[in-house]
1. Has segment 237-252 got any residue that is among the small types (Gly, Ala, Ser) and more than 26 Å from the chain's Cα centre (by Cα)?
2. Residues in segment 427-437: is at least one of a type in the set (A, V, I, L, M, F, W, C), in a strand (DSSP E or B) and under 46 Å from the mean Cα position of the chain (by Cα)?
3. Condition first: among the aromatic types (Phe, Trp, Tyr), more than 21 Å from the chain's Cα centre (by Cα) and closer than 11 Å to Gly292 by Cβ. Now tell me which residues in segment 321-338 satisfy that.
4. Given the conditions (1) acidic (Asp, Glu); (2) closer than 22 Å to Arg344 by Cα; (3) buried (at least 16 other Cβ atoms within 10 Å of the Cβ), report the number of the one that Glu513 does not fulfil.
5. Taking Lys260 and the conditions (1) within 14 Å of the chain's Cα centre (by Cα); (2) at negative phi; (3) buried (at least 16 other Cβ atoms within 10 Å of the Cβ), which numbered condition does it fall short on, given that it satisfies the others?
6. Step by step: first the residues of segment 327-339, then only those that are within 13 Å of Thr297 (Cβ to Cβ) and out of contact with any Lys or Arg (no Cβ under 7 Å at 6 or more places or on another chain), then the one that is surrounded by the fewest Cβ atoms within 10 Å (Cβ to Cβ). Which residue is that?
7. Does segment 39-85 hold any residues that are basic (Lys, Arg) and without any contact (Cβ under 8 Å) to a residue 24 or more places away in the chain, and which are they?
Amino acid sequence: MRLRTVAFMLLCLFGLSLVWAMQPTRKRNTPSKRSNDKRVYLVHSDQLRYDQYRNGDAQILTGNVHFRHMGANLYCDSANFFQQTNSFEAFGHVKMLQGDTLKLFSDYAYYDGNAQIAQARYNVILKHRQSTLYTDSLDYDRLYSFGNFFEGGKLVDGTSTLTSDWGEYHTDTKMAMFYYDVRLRDKNFYLTTDSLYYDTQTSRAHIIGPSNITSGTSHIYSEDGYYNTKTETTELFGRSVVKDEGRTIVGDSVYHDSQKGTSHAYWNVVYTDSVNKNGLTADYCEYNDSTGYAMATNRAVAMDYSQKDTLYLHADTFKLFTFNINTDSVYRKVHAYNKVRAYRVDVQAVCDSLVYNSQDSCMTMYRDPIVWNANQQLFGEVIRVYMKDSTVDRAHVDGQAFSAEQMPDTVHFNQVSSNEMFAFFENGEIYETDAKGNVLIVYYPVDDSDSSLIGLNYTETPLMKMYLENRKMKKIWMEKPTGTLYPMTQIPPEKYFLPRYVWFDYIRPLNKEDIFNWRPKKAGQELKEIKRREAPKQKLNRRGGQPDE
């Protein structure tokens, strides 16, 4: 009887202790400070049993199992509860709820109450606010508020889907860190990289390491940058490369806003267009997709390499204006202003400002323009150059036109002065020049036998036409010319140079680096301002009727 009594008392005590453990928290002697209570509580289970041989010290729970631990509620179909180690295994429809913002689902989970770590496996879904993470293996640390997945994961945030081999998601900072074979898809772009930080709170992705971004026809390579999937803004650093249909832009930093259609690039910017064979370098550039407006400044250089040699054009500022954009009648104007200097092996030029209009393929040079070709120099008030198929078709010097050609002896100069000059080209070679209005000519005929100068031919005429072949005069025609041929020993000193003559060799660009060195005309060598005739001003009579005569 004593043995039975003892056994019965032990069984009763054990049963009481089990019942005590299963009681709701409010009925137990819990500490006054709930925050210090790290015990896992079993709230409900349809069935509870022991199987020491199969499950050791575990309490085997089945049916609508519910645990509570430090503000979190955990549900499952069945569980093994290890009360001594403050942990449990959960099976089937595992669900952990923490507040109103965090939900964790899986087929299986192991939860350590002391470390506050949930190891979720198979069909894992972590929902946090507007973001959802899908994976098969996730360790979630409640103490430090982050989940770590390591067998592939997918994060869906709004319209963006982010996948990688492994990574972390921090619920306190809303920051996701993805590594190895990272892919970010959005409605407007596709990104691949090996390392990416993604802030779900701001929808901002941080690119780390070699990365490629594809959006429509554009492609971006970057090793350091940011992309906001909500505002569709891009920030690229470290000489990132942007390509789009033959156009490439590289800069120390590049910013693009897809919604506004604006782009900005800073420092050591290099733009190339392999289709139209031109390019641009500067320390600052901007472009607006919707308006077609562009601007470049700070050591800006425009380049054209459509010909045999590259043309380099420098100005303080370049601006591009697009008219009738998105129509069949679209055309553009390029403004280059302040200290324009151009260099190509065969031609050089300077002026204060320049405008190119694609509508008529005309390039207009304003304010003291000068053009050099080999040993020839041309200047005037305004110079217009018309292009055809990327080559010069014709040129027009309007106002105080002057042409000078340096002879081989470098002492004598052929000169033409007129109100206007015209030059016509074929296949890049000049074949005709015209001078109109008050034409003055100084010309040195050459003896074909020994190439010596015969004399100085001074001529005045209202109109002159000169026809050339292989850059040599073939025929000349003048209207009612008057002139004198002076032998070399009898040339009057005042006839050597026409009134407008100046040889601007000290201004001429010497190479592509020299285009940055602005050298103005010397005092007294500027063109004199000539006032044009204006229409007479009309006055109204006192009665408010027709203008008075």
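The values are calculated or read from the model by the stated rules, or taken from the named source; none is laboratory data. Note that this is a predicted model, so its numbers are computed, not measured. Using ideal geometry, Cβ is built from the backbone for each residue, glycine included, and neighbour counts are taken over all protein chains shown. Please note that ligands, DNA and RNA were not included when accessible areas were found on the heavy atoms of the full protein model with its side chains. Shrake-Rupley method; radii C 1.70, N 1.55, O 1.52, S 1.80 Å.
1. Looking through segment 237-252, none of the residues is among the small types (Gly, Ala, Ser) and more than 26 Å from the chain's Cα centre (by Cα).
2. Taking segment 427-437 as the starting set, the residues that turn out to be of a type in the set (A, V, I, L, M, F, W, C) are 430, 435.
From what is left, the residues that are in a strand (DSSP E or B) are 430, 435.
Imposing the further condition that a residue be under 46 Å from the mean Cα position of the chain (by Cα) reduces the set to 430.
Yes: one or more hits.
3. Phe323, Tyr331 - these are the residues of segment 321-338 that are among the aromatic types (Phe, Trp, Tyr), more than 21 Å from the chain's Cα centre (by Cα) and closer than 11 Å to Gly292 by Cβ.
4. All conditions pass for Glu513, except number (3).
5. (3)
6. Here the answer is Asn338.
7. Within segment 39-85, Arg49, Arg54 meet the criteria.
Table: residues versus (1) open to solvent by 30 Å² or more (accessible area, probe 1.4 Å); (2) of a type outside the set (Gly, Ala, Ser).
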residue	(1), (2)
Ser164	no, no
His170	yes, yes
Tyr179	yes, yes
Asp186	no, yes
Phe189	no, yes
Asp194	yes, yes
Tyr197	yes, yes
Arg204	yes, yes
